[in-house]
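Enquirer: Quick one: this structure, given as structure tokens, is what I'll be asking you about.
The values are calculated or read from the model by the stated rules, or taken from the named source; none is laboratory data. The structure presented is a predicted model; accordingly, all values stated were derived computationally and were not measured. FYI the Cβ positions are ideal-geometry reconstructions off the backbone, even for glycines, and counts take in every protein chain you see. Quick note on the areas: whole protein, heavy atoms, side chains included, nothing else; ligands and nucleic acids left out. Shrake-Rupley method; radii C 1.70, N 1.55, O 1.52, S 1.80 Å.
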Amino acid sequence: MPAVLQIDVVSIFPAYLAPLDLSLIGKARSDGLIDVRVHDLRDFTHDRHRTVDDTPYGGGAGMVMQPEPWARALEHVVGQRGSAASARPRLLVPGPGGVPFTQAMARELAAEPWLAFACGRYEGIDERVYEFAQEDLGLEVTVVSLGDYVVNGGEVAVLAIVEALARLVPGVIGNAASLVEESHQDGLLEYPLYTKPRHWRGRVVPEVLLSGDHAAIADWRHRQRLARTADRRPDLLHASSAGADVDVRVATAGDLPELLTLLYAAGTPTTMESLREGLSSSTTWLARRAGRLLGAIRVEARGDTLWLAAPALVPDLDGDDLARRLLDVAQQTAVSGIRQLVVDSPRASAVRARTYRQAGYRLGGGHWVKRCSRHE
């Protein structure tokens, strides 16, 4: 039975990839679910010293991997399935200058029938190899990075990437349900986990997990995921600059899960029940960019006053331009009879206080207040 996914790895240290024979990945290889083939780049050299590197043109420290051994190695990899144009692997080159490797990319790669990895060493691979792979061999080439740091070679990245994508291949993980609530699977981090014993060194398992109330457990776990994501990885909440392409519209019930996450990240946690109730008593404006939630502001009219919750933004949003835009949108909702706008944000940061002042608000009575003229 043919393998679901073929993976070819070219490296000058083939033994580095030995861990792919272990654990679930090793079992998947034995079961024919994935087919990992490791190739020694030095086998494609033409001198008795098996040379794969040389000094860089233009000077500089270190060595650069020569193009000819790589060209021969890639031709060999591609030639395993004949010359048909449709039989081509997708080539991945690990490197700190590549696109970030994410769970979304892992899912994308897991759906490919054939992947090839080129493990660079030293200062990197001669740039012409990328051009050769694309233009002469017809390969889709992606340079991919594990993170903003530098390691000695691409092998460690291949181990991580193959581990991440192979477990998504059908049949590799016995219980597919275990993949559903893992960290990054839906953009949030995983909830805390506990096992026996119930009491351990003065610490106990949260009571809700012992209650048998599955709805309460699910709710607790979801809240934990929101809080943990906001605390550890606020960047996962889709931070972005507030450019002109930001779309602002009124929130609906379908937006509440994302809004709940945003409010946790912005330091104003609430409950799903409270958000649902707020849909009928107030209006919440959401700001999105390319479909991703960046900020929100809640508006509620009480008599002649329009009350505004402090604009909530993703934590690492650059600047406060979006907060100002949300304030302006909220003001436009003021109907006839509204005499003042009040922002419930007495302890604003210096940046946010400046934004309020620029928008015409003044601090008074513990709130930021803006009087409406008869023409507004």
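The rows are residues; the columns are (1) modelled with pLDDT of 95 or more; (2) charged (D, E, K, R); (3) in contact with a Pro (Cβ under 8 Å, 6 or more places away or on another chain).
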| site | (1), (2), (3) |
| --- | --- |
| Val4 | no, no, yes |
| Val10 | yes, no, no |
| Phe13 | yes, no, no |
| Lys27 | no, yes, no |
| Ser30 | no, no, no |
| Leu41 | yes, no, yes |
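Enquirer: Just give me the residues in the stretch 88-124 being closer than 23 Å to Val78 by Cβ, in a loop (DSSP other than H, G, I, E, B) and at pLDDT 90 or above, in sequence order.
Expert: Listed by number, the residues that qualify are Arg88, Pro89, Glu112, Pro113, Cys119, Gly120, Arg121, Gly124.
Enquirer: Within the stretch 68-79, identify whether any single residue is modelled with pLDDT under 95 and assigned to a loop (DSSP other than H, G, I, E, B), and answer yes or no.
Expert: no
Enquirer: Only residues that are closer than 21 Å to Gly26 by Cβ, modelled with pLDDT under 90 and either part of a loop (DSSP other than H, G, I, E, B) or open to solvent by 40 Å² or more (accessible area, probe 1.4 Å) (or both): list them for the stretch 149-181, please.
Expert: Correct list: Arg167, Leu168, Val169, Pro170, Gly171, Val172, Ile173, Gly174, Asn175, Ala176, Ser178.
Enquirer: Can you say whether Gly337 is open to solvent by 30 Å² or more (accessible area, probe 1.4 Å) and either among the polar types (S, T, N, Q) or on the phi < 0 side of the Ramachandran plot (or both), as far as the supplied structure shows? Spell out how you get there, then give the answer.
Expert: Details: open to solvent by 30 Å² or more (accessible area, probe 1.4 Å): yes; either among the polar types (S, T, N, Q) or on the phi < 0 side of the Ramachandran plot (or both): no.
For Gly337, the condition - open to solvent by 30 Å² or more (accessible area, probe 1.4 Å) and either among the polar types (S, T, N, Q) or on the phi < 0 side of the Ramachandran plot (or both) - is not met.
Enquirer: Next question, about the same structure. Evaluate the stretch 259-270: report whether one residue or more is modelled with pLDDT of 80 or more and farther than 18 Å from Asp316 by Cα. Walk me through it before giving the result.
Expert: Taking the stretch 259-270 as the starting set, the residues that turn out to be modelled with pLDDT of 80 or more are 259-270.
Filter again for farther than 18 Å from Asp316 by Cα, leaving 270.
Within the stretch 259-270 (the criterion being modelled with pLDDT of 80 or more and farther than 18 Å from Asp316 by Cα), the answer is yes, since at least one residue qualifies.
Enquirer: Follow-up. Name the single residue, out of those in the stretch 45-61 being in contact (Cβ under 8 Å) with a residue 12 or more places away in the chain and in a loop (DSSP other than H, G, I, E, B), that is least open to solvent (accessible area, probe 1.4 Å).
Expert: Val52
Enquirer: Could you list, in sequence order, all residues of the stretch 244-281 that are assigned to a loop (DSSP other than H, G, I, E, B) and either buried (at least 16 other Cβ atoms within 10 Å of the Cβ) or out of contact with any Phe, Trp or Tyr (no Cβ under 9 Å at 6 or more places or on another chain) (or both)? Spell out the reasoning first.
Expert: So the first thing to find is which residues in the stretch 244-281 are assigned to a loop (DSSP other than H, G, I, E, B), and the list is 244-246, 251-252, 266-271.
If the condition is that a residue be assigned to a loop (DSSP other than H, G, I, E, B) and either buried (at least 16 other Cβ atoms within 10 Å of the Cβ) or out of contact with any Phe, Trp or Tyr (no Cβ under 9 Å at 6 or more places or on another chain) (or both), then Ala244, Asp245, Val246, Ala251, Thr252, Ala266, Gly267, Thr268, Pro269, Thr271 are the ones that fit.
Enquirer: Residue check: is Ala61 at negative phi, modelled with pLDDT under 95 and under 33 Å from the mean Cα position of the chain (by Cα)?
Expert: On the way: at negative phi: yes; modelled with pLDDT under 95: yes; under 33 Å from the mean Cα position of the chain (by Cα): no.
No, not satisfied.
Enquirer: Does Arg37 count as outside any helix (DSSP H, G or I) and under 19 Å from Leu165 (Cα atoms)? Before the answer, list the steps.
Expert: Details: outside any helix (DSSP H, G or I): yes; under 19 Å from Leu165 (Cα atoms): yes.
Yes: the conditions hold for Arg37.
Enquirer: Separate question: Go through the stretch 315-347 and give me each residue that's modelled with pLDDT of 80 or more and of a type in the set (A, V, I, L, M). It would help to see each step written out before you state the result.
Expert: Of all residues in the stretch 315-347, those modelled with pLDDT of 80 or more come to 315, 321-331, 338-344.
Scanning the stretch 315-347 gives Leu322, Ala323, Leu326, Leu327, Val329, Ala330, Ile338, Leu341, Val342, Val343.
Enquirer: Moving on to the next point. Could you figure out which of (1) open to solvent by 20 Å² or more (accessible area, probe 1.4 Å); (2) in a loop (DSSP other than H, G, I, E, B) isn't true of Glu300?
Expert: Evaluating Glu300 over (1) open to solvent by 20 Å² or more (accessible area, probe 1.4 Å); (2) in a loop (DSSP other than H, G, I, E, B) leaves (2) as the failure.
Enquirer: In addition: Given the criterion open to solvent by less than 10 Å² (accessible area, probe 1.4 Å), on the phi < 0 side of the Ramachandran plot and of a type in the set (A, V, I, L, M), identify the matching residue among Leu137, Leu115, Leu146.
Expert: Details: Leu137 fails: open to solvent by less than 10 Å² (accessible area, probe 1.4 Å); Leu146 fails: open to solvent by less than 10 Å² (accessible area, probe 1.4 Å).
One residue alone meets the criteria, Leu115.
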